1. Considering only the range 101-144, how many residues are among the β-branched types (Val, Ile, Thr) and over 22 Å from Asp68 (Cα atoms)?
2. From the residues in the range 223-233 that are closer than 22 Å to Asp5 by Cβ and hydrophobic (A, V, I, L, M, F, W, C), which one is surrounded by the fewest Cβ atoms within 10 Å (Cβ to Cβ)?
3. Going through Gly137, Gly122 one at a time, which residue ends up being of a type outside the set (Lys, Arg), at positive phi and under 19 Å from the mean Cα position of the chain (by Cα)?
4. Determine whether Val16 is within 28 Å of Val239 (Cβ to Cβ) and surrounded by 19 or more Cβ atoms within 10 Å (Cβ to Cβ).
5. Give the residues of the range 105-156 that are of a type in the set (Asp, Glu) and exposed (fewer than 14 other Cβ atoms within 10 Å of the Cβ), sorted by residue number.
6. So Met197 ticks every box in (1) surrounded by 15 or more Cβ atoms within 10 Å (Cβ to Cβ); (2) modelled with pLDDT of 95 or more but one. Which box is left unticked?
7. Pairs, please: C-beta under 7 Å, at least 6 apart or cross-chain, first residue of a type in the set (Gly, Ala, Ser) and in the range 211-224, second buried (at least 18 other Cβ atoms within 10 Å of the Cβ) and in a loop (DSSP other than H, G, I, E, B)?
8. On the basis of being farther than 19 Å from Leu188 by Cα and either of a type outside the set (Phe, Trp, Tyr) or touching a helix residue (DSSP H, G or I) at 6+ places or on another chain (Cβ under 7 Å) (or both), does Val91 make the cut?
Amino acid sequence: MTITDLFSVEDKVVIVTGASSGLGVAFATAFAEAGADVVLAARRVDRLAQTAEAIAPTGRATLAVACDVADPAACQNVVDEAMAKFGRVDVLINNAGIGTAVPATHETPEQFRQVIDINLNGSYWMAQACGRVMKPGSAVINIASILGITTAFLPQAAYSASKAGIIGMTRDLAQQWTGRKGIRVNALAPGFFKSEMTDEYPEGYLDSQAHRMIVGRTGDPAELAATAIWLASAAAGYVTGQTIAVDGGLTVT
């Protein structure tokens, strides 16, 4: 096996949650372009059809499954559907999530709980369902955020708490599963990448944060997806329990 071969994800079966928009589409498209078959999961099934259409030119198989990750049964159904069609699950991209920017003294219990239920609990339910069927050599990649490490000068207590929780969950699942089951578990902590979530930020906010990034710009979703492909491949076979910041250097300034 050559060094180039180590980076291959060809013929792997990858579940991508939150695959109806933004970074989820970027992850799904990148893995298909790299030769993987992709299970697309999200609440908005009509948008999943658009993602599948974008992937079609790669020639790789897709499966779209409606899923609210806050529902453990729905997460299990995604895995059951994937197993029925493909016979295995090799990679989970735990990407589904929502964000809010509500001042802490005004945030309602319902708003806070919804973010935790989708971002943190949902990531756990999906990982749990995949962990039941994954074989040695598989990989779980949780999508955390730099907001689990630092701040963005916006009122995002619920979002930050959920992403910090994902980082802790990643470490624990790695210590449970990597030695015993051969499943590597890592997290990505994206910096500022344009998405539906950042579209809700105040006008000019992203530009105002550029000075915090050593590279002086926001990220290209393809750069984040490429890092996920590395983590899913044998090239990252000695990497587990880690959170990789893909943030243009923001967290080191």
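The values are calculated or read from the model by the stated rules, or taken from the named source; none is laboratory data. Here the structure is a predicted model, which means the values were calculated and not measured. A quick note on method: Cβ atoms are made from the backbone with ideal geometry, for glycine too, and the neighbour counts reach across all protein chains shown.
1. Residues of the range 101-144 among the β-branched types (Val, Ile, Thr): 102, 105, 108, 115-116, 118, 133, 140-141, 143.
From what is left, the residues that are over 22 Å from Asp68 (Cα atoms) are 102, 105.
Total meeting the criteria: 2.
2. Step one: list which residues in the range 223-233 are closer than 22 Å to Asp5 by Cβ, which gives 225-233.
From what is left, the residues that are hydrophobic (A, V, I, L, M, F, W, C) are 225-226, 228-232.
Values: Ala225: 23, Ala226: 16, Ala228: 28, Ile229: 24, Trp230: 18, Leu231: 23, Ala232: 28.
Going through the qualifying residues, I end up with Ala226.
3. On the way: Gly122 fails: at positive phi.
Step by step, each of Gly137, Gly122 is checked, and only Gly137 is of a type outside the set (Lys, Arg), at positive phi and under 19 Å from the mean Cα position of the chain (by Cα).
4. Yes.
5. Glu110
6. That leaves (2) as the condition not met.
7. Final answer for the pair search is Gly219/Gly191; Gly219/Phe192; Gly219/Gly248.
8. Values: farther than 19 Å from Leu188 by Cα: no; either of a type outside the set (Phe, Trp, Tyr) or touching a helix residue (DSSP H, G or I) at 6+ places or on another chain (Cβ under 7 Å) (or both): yes.
When the stated conditions are applied, Val91 does not pass them.
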